[in-house]
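Structure first, commentary second.
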Amino acid sequence: MEISKVEENKANGLPPNAGLGRPKGAPNKSTTAVREAIARMAEDNAENFAEWLTKVAAESPEKACDIYLKAIEYHIPKLARTEVTGKDGEPLLTGIQVTFVKPDESSPA
């Protein structure tokens, strides 16, 4: 009979989850700390950003637009492109048939 890692750890006097690592998708402490620091910096400089952007736009509207678009990506992430296909990559629709029907004269429009 095979014993689990948790049971093996208990038998060896170790904490139950020793050696199992973080769960998949769980950020490590450093990543969390850096993200929090960047978020605080962004919040603290929100008012300054508009002023800085205005100064850049005075000399180069194109550069100001580029800076704005790059910054907004962190607030509104880009959507991933998705291709929808039929079975085995075939087209989803091969044609559309439209039938025109004359309206019933007795029904109100």
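For the stretch 66-109, a tally of residues being more than 26 Å from residue 54 (Cβ to Cβ), out of contact with any Gly (no Cβ under 9 Å at 6 or more places or on another chain) and either of a type outside the set (D, E, K, R) or in contact (Cβ under 8 Å) with a residue 40 or more places away in the chain (or both) returns 20. Taken as a whole, the condition of being more than 26 Å from the chain's Cα centre (by Cα) and among the hydrophobic types (A, V, I, L, M, F, W, C) does not apply to residue 42.
Readers should treat all values here as calculations from the given coordinates under stated rules, not as data from a laboratory. No experiment lies behind these values; they were computed from the predicted model shown. Don't worry about glycine lacking a Cβ; one is built from the backbone with ideal geometry, like all the others, and counts go over all protein chains shown.
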